[in-house]
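**Q** Have a look at this one before I ask anything.
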Amino acid sequence: MKKILSITAFAVGTLALASCSDFLEQTSPSEMNNTTVYGSTYYTGLRVNQIYGGMGQDRTYSQDWVITTNINSDIELVDGLGSNVNQTTNVRGTGNYNVSPGWSNLTDQWTQLYGIIEDCNDVIEGVRNSPLFEEGNPSRAEMGRYLGEALTVRAMVYFDMVRYWGDIPLKLETSQPDLSNAYLEKTDRDDIMDTLMVDLDEAITLLPWAGENGYSTEHVTKGYAHALLAQIAMTRAGYAIREKAKDGYEKAPYSDNNFPTMRPGASERKALYERALQHLSAVILSGKHKLNPSFENQWYLLSQQKLDLTYQENIFEIPLKYNLTSELGYTVGVRLAKKTSDFGYTNSTGKLKLTAPYFYSFDRNDLRRDVTCAPYEIGLGEGASEGTHSVENIIGDKPFGIYVGKWNPRWMTSTWLADNLVAQGKHLTGINPVKMRYSNVLLFYAECMNELSGSADGTYAGSAGLTARQALALVHERAFDDAHKADAQAYVASLPSDKTGFFNAIVQENAWEFGGEGFRKWDLIRWGILHDKILEFKRTYVQELTDGKYPTKVYFNYTDESKTRIDWSSVTWYTPADEVNEADYDGSKDWFGKSNPNDPDAKTDNLDDLGSICSGLVGVGTYQDPAAGENDVQVKNRYIFPISLTTISDSQNKLYNSYGYDK
């Protein structure tokens, strides 16, 4: 298997100086030779800062790798519907798995991510060859921490790349001036992940826990290295579409004949889950990370750009820089639809949306629903002029148009607000992307325990003393206030004990906990159920429409006499419109039930759009049969993205595409 790196991928590596958080020094040591840089802990620290700086680019973690590369799933959709799905060089189409190898973003993503890897390779080689890292040197521990950071970030970036592109070149050394080692063939993704886990084993011995040695959760730390290793091990144990069949691997029920979806055999999977459990248990037993008792406060602090030093639920936040980086709260989040005197300039948060079945899947008292799902915009009242006071407007009959509420302008800083009030263009938020939360660890742990012990309540050597059910309970019960905690406990107690039944509960809890965060798609892939869950979402939507679960209209009251702020506790989300006394409410809005196919007067736009969603993966279906077109897709289960034609052209015949893409 052959594939290569673009020359430009390495050129940017030592030059990239994108901004990151305030704690990062921005002085560049790039003009110094390696002897000078790695002969000083100070300059080595600056060189490590450049690694973090590379994460602040749009095609890395300021935008793409926290938003657009992570869609679509069964609950998260790009805002490309109908004819938009045919835009194969625009995220609205590519999010629906309709992507052309000619899309320029693919080139830039490849180049910039390999640039981060090149920076990591430079630090890794520099520290290993430094006299300061020799045994007995008083600076060895500090230099070791820098080495651990570079190893961990490199593992994170490679892991993201193999999930997106499949087999890619594995380059673990810096480029030679003559580029003699720049053009490499593909390495099987399993071999890459095996290598990354070995690197992380070393990094764990070098890194401090968050809160130690001046390391906050804006650094990769021992906890993140443990959790990332576990995540890689579980992905390695899971399903992936392959360029060819592998001996000893199991084929998925839904699989392409030429490019099979496969996972390792039972004994290898068991060993990988045991390895993951070991590292997840280490995080849990350390006591360094806990759940913030308030799910809302977890997201409020992120919008405030404040680190949670009490619970450290966010095990690793990529440090970005206010006003220079981060599309969170701009490209995804609560929509500022019009320029108002309260919030100023608009945003463009339509890129990522949530769905009607997802909104209605939550328990009515689950506090995560109203933090995660924002079925409203902040705009103007009817007939109001731009720049006047803002009004909350329910989105109406847009079942695939619910905004993600976790990034909320009402929670952002006074500095952001002052700047946004005078902004005339895109205003970047600086909000840190979260690569791992403690709730990820707990649900990964629950999955491992269920898999290894064979049940929700079984024990297993190497555990942290929690059963799978107990770990899931910590996540689920946190989402309910004291008045409804007993109901949450009753739900967890009612979950089945058998392995399959409890696994399904983990899949559902994953949806409720992580909606909009970009984790869901990758978990569904490794579980081998991405295709199935997308079709399930479509069928559920139609069934809930026809069952009348969605009202045709919702009614609500306002909290203020000027009727600008909705009393969200008053909204009749669950009450049929014909059972509502209109006189009891201040306002109303058409709702999802307007599209009921049993109603001869129903609007059909949403039903027509349903078939286009994820059409590159599941085909163009109909609302009567969402799977009607699945045999028309070019390659079954093709969630992998192609290598860009530009990158292939620059590769000196080392790179090519598989999975039916243009080579």
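**Q** Kindly indicate the residue of the range 140-194 that is of a type in the set (Gly, Ala, Ser), open to solvent by 10 Å² or more (accessible area, probe 1.4 Å) and under 22 Å from Tyr52 (Cα atoms) and also modelled with the lowest pLDDT among those meeting that condition.
**A** Ser175
**Q** Being farther than 24 Å from Gly405 by Cβ and assigned to a loop (DSSP other than H, G, I, E, B): is that true of Gly518 here?
**A** No; evaluated as a whole, the condition is false for this residue.
**Q** How many residues are open to solvent by 10 Å² or more (accessible area, probe 1.4 Å), of a type in the set (S, T, N, Q) and within 19 Å of Thr646 (Cβ to Cβ) if we restrict to the range 105-135?
**A** Number satisfying all stated conditions: 4.
**Q** Yes or no: the range 452-461 includes at least one residue that is open to solvent by less than 30 Å² (accessible area, probe 1.4 Å), more than 17 Å from Ser361 (Cα to Cα), among the small types (Gly, Ala, Ser) and part of a helix (DSSP H, G or I).
**A** No, every residue in the range 452-461 fails to be open to solvent by less than 30 Å² (accessible area, probe 1.4 Å), more than 17 Å from Ser361 (Cα to Cα), among the small types (Gly, Ala, Ser) and part of a helix (DSSP H, G or I).
**Q** Please find, within the range 206-254, the residue that is surrounded by the fewest Cβ atoms within 10 Å (Cβ to Cβ) out of those that are under 27 Å from Glu135 (Cα atoms) and polar (S, T, N, Q). Quick ask: steps written out before the conclusion?
**A** Taking the range 206-254 and keeping what is under 27 Å from Glu135 (Cα atoms), we get 206-216, 219-226, 229.
Of the ones still in play, those that are also polar (S, T, N, Q) are 213, 216, 221.
On the way: Asn213: 13, Ser216: 18, Thr221: 30.
Looking at residues that are under 27 Å from Glu135 (Cα atoms) and polar (S, T, N, Q), I get Asn213.
**Q** Still on this structure, I have one more. If you check Tyr345 against the conditions, is it surrounded by 21 or more Cβ atoms within 10 Å (Cβ to Cβ) and either more than 30 Å from Ala150 (Cβ to Cβ) or of a type outside the set (Asp, Glu) (or both)?
**A** No.
**Q** Would you confirm whether any residue within the range 403-412 is touching a helix residue (DSSP H, G or I) at 6+ places or on another chain (Cβ under 9 Å) and more than 23 Å from Arg478 (Cβ to Cβ)?
**A** yes
**Q** Considering only residues of the range 603-631 that are outside any helix (DSSP H, G or I) and touching a helix residue (DSSP H, G or I) at 6+ places or on another chain (Cβ under 6 Å), which is surrounded by the fewest Cβ atoms within 10 Å (Cβ to Cβ)? Steps first, please.
**A** Step one: of the range 603-631, the residues outside any helix (DSSP H, G or I) are 603-604, 611-614, 619-629.
Imposing the further condition that a residue be touching a helix residue (DSSP H, G or I) at 6+ places or on another chain (Cβ under 6 Å) reduces the set to 603, 612, 614, 619, 623, 626-627.
Values: Lys603: 13, Ser612: 20, Cys614: 29, Gly619: 19, Tyr623: 21, Pro626: 25, Ala627: 16.
It comes out as Lys603.
**Q** Which of the residues that make up the range 35-64 are of a type in the set (Phe, Trp, Tyr) and open to solvent by 10 Å² or more (accessible area, probe 1.4 Å)?
**A** Correct list: Tyr42, Tyr43.
**Q** Report the residue count in the range 385-422 for those that are in a helix (DSSP H, G or I), over 23 Å from Glu513 (Cα atoms) and not charged (D, E, K, R). Give the derivation first.
**A** Initial filter on the range 385-422 (in a helix (DSSP H, G or I)): 409-411, 414-422.
From what's left, over 23 Å from Glu513 (Cα atoms): 414-422.
Subsequent filtering for residues that are not charged (D, E, K, R) retains 414-418, 420-422.
Residues meeting the conditions: 8.
**Q** Something else now. Just give me the residues in the range 397-416 being in contact with a strand residue (DSSP E or B) (Cβ under 7 Å, 6 or more places away or on another chain) and either modelled with pLDDT under 95 or not aromatic (Phe, Trp, Tyr) (or both), in sequence order.
**A** Once the filter is applied, which keeps residues that are in contact with a strand residue (DSSP E or B) (Cβ under 7 Å, 6 or more places away or on another chain) and either modelled with pLDDT under 95 or not aromatic (Phe, Trp, Tyr) (or both), the range 397-416 yields Asp397, Gly401, Ile402, Val404, Gly405, Pro409.
**Q** Report yes if some residue within the range 543-558 is modelled with pLDDT of 95 or more, under 25 Å from the mean Cα position of the chain (by Cα) and within 28 Å of Lys603 (Cβ to Cβ); otherwise report no.
**A** no
**Q** While we're looking at this one, here's another question. With respect to the numbered conditions (1) assigned to a helix (DSSP H, G or I); (2) touching a Phe, Trp or Tyr at 6+ places or on another chain (Cβ under 6 Å), which one is the sole condition not fulfilled by Asp190?
**A** Going through the list (1) assigned to a helix (DSSP H, G or I); (2) touching a Phe, Trp or Tyr at 6+ places or on another chain (Cβ under 6 Å), Asp190 breaks only (2).
**Q** Pick from Asn440, Asn432: which is open to solvent by less than 10 Å² (accessible area, probe 1.4 Å), under 17 Å from the mean Cα position of the chain (by Cα) and among the polar types (S, T, N, Q)?
**A** Asn440
**Q** Just to check your reading of the model, which residue among Ala271, Ala245, Ala282 is among the hydrophobic types (A, V, I, L, M, F, W, C), part of a helix (DSSP H, G or I) and out of contact with any helix residue (DSSP H, G or I) (no Cβ under 6 Å at 6 or more places or on another chain)?
**A** Every option except Ala271 fails the conditions.
**Q** Out of all the residues in the range 318-327, is one or more within 30 Å of Asp201 (Cβ to Cβ), open to solvent by 20 Å² or more (accessible area, probe 1.4 Å), part of a loop (DSSP other than H, G, I, E, B) and touching a helix residue (DSSP H, G or I) at 6+ places or on another chain (Cβ under 6 Å)? Steps first, please.
**A** Restricting attention to the range 318-327, the residues satisfying the condition of being within 30 Å of Asp201 (Cβ to Cβ) are 318-320.
Subset that is open to solvent by 20 Å² or more (accessible area, probe 1.4 Å): none.
Looking for residues that are within 30 Å of Asp201 (Cβ to Cβ), open to solvent by 20 Å² or more (accessible area, probe 1.4 Å), part of a loop (DSSP other than H, G, I, E, B) and touching a helix residue (DSSP H, G or I) at 6+ places or on another chain (Cβ under 6 Å), one finds none in the range 318-327, hence no.
**Q** Based on what the data block shows, is Gly102 out of contact with any Asp or Glu (no Cβ under 7 Å at 6 or more places or on another chain), on the phi > 0 side of the Ramachandran plot, in a loop (DSSP other than H, G, I, E, B) and open to solvent by 30 Å² or more (accessible area, probe 1.4 Å)?
**A** In short, no.
**Q** Let me ask another. Go through the range 359-383 and count every residue that is assigned to a loop (DSSP other than H, G, I, E, B), open to solvent by less than 50 Å² (accessible area, probe 1.4 Å), more than 19 Å from Thr349 (Cα to Cα) and modelled with pLDDT of 95 or more.
**A** Adding up the residues that qualify gives 2.
**Q** Give the residue that is nearest to Asp632 (Cα to Cα), with candidates limited to residues of the range 258-275 that are in contact (Cβ under 8 Å) with a residue 60 or more places away in the chain and of a type in the set (S, T, N, Q).
**A** In this case the residue turns out to be Asn258.
The values are calculated or read from the model by the stated rules, or taken from the named source; none is laboratory data. All figures in this text were calculated on a predicted structure; none of them were measured in a lab. Note that each Cβ is placed from the backbone with ideal geometry, even for glycine, and that neighbours are counted across all protein chains shown. The protein model used for the area step is the full one, side chains on, heavy atoms only, and it has no ligands, DNA or RNA in it. Shrake-Rupley method; radii C 1.70, N 1.55, O 1.52, S 1.80 Å.
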